[in-house]
């Protein structure tokens, strides 16, 4: 039954994303690299290479959220550094927010897959 809930939630998220700005607006390679690379590095740093699968996934999810927030802060610094050109403010802000979105999406997905509540 859990898989049906996960599919329903994922479908709703895709529907919301499409209605808000189109799916393409939510795809950014740099933001994905920040969240996934940072989450992976955090998981290894926190648990090493000898952790079980569930613990590794939980550490990865935790790191993805941390790196999502760090990406937002870095994006905001980039925005502040380039305030002379207001035409880039919108796209830069949307990319900065995507890292937080990706981080929490990763955490939600991991928690749903392994069936653990947020501590």
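Structure notes:
- Degrees, to the nearest 10: 89-114 long Cα axis against longest axis of the chain: 10 degrees
- Volume per residue for segment 1-85 equals 113 cubic angstrom (convex hull of Cα atoms).
- Cβ-based exposure ranking for 72, 86, in which fewest neighbours within 10 Å come first: 86, 72
- Relative to the longest principal axis of the Cα atoms of the chain, the long axis of helix 29-47 makes an angle of roughly 40 degrees.
- Here the relative contact order of segment 72-119, from alpha carbon pairs under 8 Å that lie six or more residues apart, stands at 37 percent.
- Here the calculated FRET efficiency for residue 70 and residue 2, from their Cβ-Cβ distance with R0 = 25 Å, stands at 0.20, rounded to the nearest 0.05.
- Helix 2-20 and the longest principal axis of the C-alpha atoms of the chain enclose an angle of approximately 0°.
- Counting only the Cα atoms, segment 19-58 fills a convex hull of 86 Å³ per residue.
- GNM flexibility winner over the chain from 65, 35, 77 (Cα, springs under 10 Å): 77
- Relative contact order computed over the chain (Cα-Cα under 8 Å; 6+ residues apart), in percent: 30 percent
We did not get these values from a lab; they are worked out from the coordinates using the rules stated. Only a predicted model underlies this, so the values are computations on that prediction, with no experimental measurement involved. Quick reminder, even Gly has a Cβ in these numbers, built from the backbone with ideal geometry, and neighbours come from all protein chains shown.
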